[in-house]
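Structure record follows, encoded as structure tokens.
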Amino acid sequence: MVTFTVSRVETAPIDGQKPGTSGLRKKVKVFVQPHYLQNFVQSTFYALSAEKVRGATLVVSGDGRYYSKDAIQIILKMAAANGVRRVWVGQNGLLSTPAVSAVIRERTGHDGARASGAFILTASHNPGGPHEDFGIKYNMENGGPAPEGITDKIYENTKTIKEYLIAEDLPNVDITTLGVTSFTGPEEPFDVEVFDSAVDYVKLMKSIFDFQLISKLLSCPKFSFCYDALHGVAGAYAKRIFVEELGANEGFLLNCTPKEDFGGGHPDPNLTYAKELVARMGLGKSAPENEPPEFGAAADGDADRNMILGKRFFVTPSDSVAIIAANAVEAIPYFSGGLKGVARSMPTSAALDVVAQHLNLKFFEVPTGWKFFGNLMDAGLCSVCGEESFGTGSDHIREKDGIWAVLAWLSILAYKNKENLSGEKLVSVEDIVRQHWVTYGRHYYTRYDYENVDSGAAKELMGYLVQLQSSLSEVNQIVKGVCPDASNVVHADEFEYKDPVDGSISKHQGIRYLFEDGSRLVFRLSGTGSEGATIRLYIEQYEKDPAKTGRDSQEALAPLVEVALKLSKMQEFTGRSAPTVIT
């Protein structure tokens with residue numbers, strides 16, 4: 001057994017280590033600076049209570065992006081030096097963000113150990129590679145992201161840190177081979193267990209969904225689908241679940257080999273970046289070579305986001321969570337006893353609100369950030385939730401879960417077609433969505449992303465929008481000048497949320513302009529990029545008349561888009577004549 005010693009390395013604070021709602025994200029060149037990663041990890045250990053560090057079991061893994069392997073070895077050496085008893089590492093350092101949450105909540109080690117937290121190495125849907133993005137975040141014992149109380153402590157520690165602890169003589173651990181490697185320290189032993197990344201997660205999925213029913217759908221000759229992992233960590237689960245467990249043809253899988261640079265692509269599952277899937281599904285600019293599959297889905301880098309497509313048909317994330325909630329009790333065994341409640345992030349369309357009202361469910365509107373959903377779930381108030389940024393999930397874990405969302409849709413399709421598999425035509429994704437609109441109305445919805453905008457210009461734009469809210473008459477004068485037929489703006493504010501569980505208040509969560517007819521304009525600065533600022537503009541219009549729910553979304557929203565751009569002076573402030581991405 002190898003013996004290690006503990007070193008105290010002198011360091012000094014480094015600017016720019018404030019974690020956002022999704023942890024710390026920067027370019028790789030920033031993370032490889034001397035002491036940068038080490039300072040953040042030590043600051044995290046200092047922010048945690050002693051029992052969550054000394055003698056504890058932690059998980060360390062991520063989406064496999066460039067620099068992950070080096071980062072894992074650094075964190076292992078620091079965990080040993082800080083008195084952690086054992087660390088679990090997914091084979092090859094791979095664990096999806098939802099799988100990490102599942103491992104914390106579900107896994108029991110061979111010695112009876114349970115994890116009390118995790119370092120997740122991911123920059124989510126951002127590109128990877130030597131010149132691209134890296135990220136790190138800490139998840140707590142409930143499997144969810146660290147709350148603001150912890151992230152604030154981490155940040156304060158990064159501003160005062162003077163030293164970090166590391167076992168520099170601890171040899172690198174082989175993370176490609178399953179098994180336990182044991183070491184002896186000056187005080188306590190230290191173990192590193194490399195385990196199968198998929199076992200615990202697959203077991204959890206099988207306890208939630210009717211795999212037998214889904215298998216019948218996938219074996220139907222008339223049904224085909226395409227799952228695109230965008231070379232992210234979802235590929236580590238796709239073959240196990242869709243092929244080995246559900247019997248799907250392996251040819252249904254696309255880009256399912258995880259790569260450090262995501263194959264040179266952008267691992268963001270939307271209509272702009274999932275180009276190959278979009279083309280296969282008949283939604284590209286040119287006609288596909290073959291008949292599109294019935295169902296398509298994509299994942300982001302760490303597999304917590306998803307995109308759902310039907311044949312020549314895109315399902316907005318806002319509609320997706322509403323449709324899952326509307327069908328969950330019938331189609332998904334886990335929810336057969338009923339839903340405790342539902343929730344959405346503020347920028348997400350109100351499609352879920354209407355479902356909650358129809359089904360008499362508790363409903364919550366929260367700021368962007370999964371930890372707000374986690375509080376509701378821990379209190380037993382929420383079963384299904386979602387964000388418009390392609391995140392959907394339930395209370396089975398405390399993170400959004402892209403593969404779970406795909407299995408939820410396959411469950412709904414399987415349920416709708418269970419008596420129809422030998423019929424002439426299957427009930428399609430488009431059929432399900434259009435029937436939902438007939439029942440609940442349609443929320444026309446789009447999001448414009450302006451990425452890598454000058455931070456100062458972005459703040460000036462947001463400040464201008466807040467100032468403009470003081471005079472609704474001036475706002476409506478601008479609105480009517482662009483679109484005389486538009487409804488009046490009747491309320492404008494900066495969204496503020498008081499958590500019903502812990503009473504905490506979150507301010508400045510987005511700027512809203514609410515129209516009399518239920519339409520909305522929302523402006524928000526996003527913290528998910530690694531440099532510059534991202535301005536997100538959300539445009540929504542509600543239509544109850546079934547005769548008017550079949551219009552093209554961009555066409556239906558064009559007048560409101562023009563209003564939003566004029567109202568915000570987007571081009572004047574940012575210099576951008578068009579968004580980077582439209583979803």
Unique match (being open to solvent by 10 Å² or more (accessible area, probe 1.4 Å) and in contact with an Asp or Glu (Cβ under 6 Å, 6 or more places away or on another chain)) among 311, 340, 259: 311
Residue among 371, 340 that alone is under 17 Å from the mean Cα position of the chain (by Cα), over 26 Å from residue 314 (Cβ atoms) and touching a residue at least 40 places away in the same chain (Cβ under 8 Å): 371
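Could you tell me how many of the residues in region 372-425 are over 24 Å from residue 148 (Cα atoms) and modelled with pLDDT under 95? Break it down into steps so the answer makes sense when it comes.
Taking region 372-425 first, the residues over 24 Å from residue 148 (Cα atoms) are 402-425.
Checking the rest, the ones that are also modelled with pLDDT under 95 come to 418-425.
So the count comes out to 8.
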Yes/no for residue 276 being within 24 Å of residue 389 (Cα to Cα) and either in contact with a Lys or Arg (Cβ under 8 Å, 6 or more places away or on another chain) or not aliphatic (A, V, I, L, M) (or both): yes
1 or more residues under 15 Å from residue 121 (Cβ atoms), in the same structural domain as residue 154 (by TED's automatic domain parsing) and among the polar types (S, T, N, Q): qualifying helices (runs of 4 or more DSSP H) within region 11-105: 36-47, 68-81
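Looking at region 92-107, which of its residues are farther than 18 Å from residue 140 by Cβ and surrounded by fewer than 20 Cβ atoms within 10 Å (Cβ to Cβ)?
From region 92-107, those farther than 18 Å from residue 140 by Cβ are 92-94; that's our starting set.
Selection gives 92 alone.
Inspect region 203-217 for any residue being touching a Gly at 6+ places or on another chain (Cβ under 8 Å) and assigned to a loop (DSSP other than H, G, I, E, B) and give the result as yes or no. Write out each step before concluding.
Step one: of region 203-217, the residues touching a Gly at 6+ places or on another chain (Cβ under 8 Å) are 215.
Those left that are additionally assigned to a loop (DSSP other than H, G, I, E, B): none.
Looking for residues that are touching a Gly at 6+ places or on another chain (Cβ under 8 Å) and assigned to a loop (DSSP other than H, G, I, E, B), one finds none in region 203-217, hence no.
Take the residues in region 178-218 that are polar (S, T, N, Q), touching a residue at least 40 places away in the same chain (Cβ under 8 Å) and touching a strand residue (DSSP E or B) at 6+ places or on another chain (Cβ under 8 Å); name whichever of them is farthest from residue 405 (Cα to Cα). Let's see the steps before the verdict.
Filtering region 178-218 for residues polar (S, T, N, Q) gives 181-182, 184, 197, 207, 212, 215.
This time we only want the ones that are touching a residue at least 40 places away in the same chain (Cβ under 8 Å), so: 182, 184, 197, 207.
Still in the list and also touching a strand residue (DSSP E or B) at 6+ places or on another chain (Cβ under 8 Å): 182, 184, 197.
Numbers: 182: 38, 184: 43, 197: 19 Å.
Residue satisfying both the conditions and the ranking: 184.
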Matching residues, region 343-374, being open to solvent by 10 Å² or more (accessible area, probe 1.4 Å), part of a loop (DSSP other than H, G, I, E, B) and of a type in the set (S, T, N, Q): 360, 368
Whichever residue in region 264-285 is open to solvent by less than 50 Å² (accessible area, probe 1.4 Å) and in a helix (DSSP H, G or I) and, among such residues, is farthest from residue 202 (Cα to Cα): 279
Region 459-477: number of residues that are surrounded by 14 or more Cβ atoms within 10 Å (Cβ to Cβ) and among the hydroxyl-bearing types (Ser, Thr, Tyr): 1
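Being of a type outside the set (Val, Ile, Thr) and farther than 14 Å from residue 157 by Cβ is the filter here; which residues of region 16-35 pass it?
Just the residues of region 16-35 that are of a type outside the set (Val, Ile, Thr), to begin with: 16-20, 22-27, 29, 31, 33-35.
Correct list: 16, 20, 22, 23, 25, 26, 27, 29, 31, 33, 34.
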Pair list, Cβ under 6 Å, 6 or more apart: region 227-248 residue under 20 Å from residue 69 (Cα atoms), other residue open to solvent by 10 Å² or more (accessible area, probe 1.4 Å) and in a strand (DSSP E or B): 233/94; 236/94
Failed criterion for residue 160 (all others in (1) farther than 14 Å from residue 17 by Cβ; (2) surrounded by fewer than 18 Cβ atoms within 10 Å (Cβ to Cβ); (3) of a type in the set (S, T, N, Q) hold): (1)
Flag for residue 30 being closer than 22 Å to residue 189 by Cβ and crowded, with 17+ Cβ neighbours inside 10 Å: no
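Mind listing whichever residues of region 210-269 are aliphatic (A, V, I, L, M) and farther than 26 Å from residue 134 by Cβ? Can you show your working first?
Step one: list which residues in region 210-269 are aliphatic (A, V, I, L, M), which gives 213-214, 217-218, 229-230, 233-234, 236, 238, 241, 243, 246, 248, 253-254.
Residues satisfying the conditions are 213, 214, 217, 218, 241, 243, 246, 248, 253.
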Selected residue [over 28 Å from the mean Cα position of the chain (by Cα) and open to solvent by 50 Å² or more (accessible area, probe 1.4 Å)] from 498, 569, 507: 569
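Do we have residue 422 as over 24 Å from residue 552 (Cα atoms), of a type outside the set (A, V, I, L, M, F, W, C) and open to solvent by 10 Å² or more (accessible area, probe 1.4 Å) here? If you could, list the steps in order and put the result at the bottom.
Values: over 24 Å from residue 552 (Cα atoms): yes; of a type outside the set (A, V, I, L, M, F, W, C): yes; open to solvent by 10 Å² or more (accessible area, probe 1.4 Å): yes.
Spelling it out, residue 422 is indeed over 24 Å from residue 552 (Cα atoms), of a type outside the set (A, V, I, L, M, F, W, C) and open to solvent by 10 Å² or more (accessible area, probe 1.4 Å).
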Neighbours by Cβ (under 9 Å, 6+ apart or cross-chain): first from region 569-583, farther than 18 Å from residue 462 by Cα and part of a loop (DSSP other than H, G, I, E, B); second open to solvent by 60 Å² or more (accessible area, probe 1.4 Å) and among the polar types (S, T, N, Q): 580/452
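The values are calculated or read from the model by the stated rules, or taken from the named source; none is laboratory data. Only a predicted model underlies this, so the values are computations on that prediction, with no experimental measurement involved. Don't worry about glycine lacking a Cβ; one is built from the backbone with ideal geometry, like all the others, and counts go over all protein chains shown. Just so you know, the surface numbers come from the protein's heavy atoms only, side chains and all, with ligands and any DNA or RNA stripped out. Shrake-Rupley method; radii C 1.70, N 1.55, O 1.52, S 1.80 Å.
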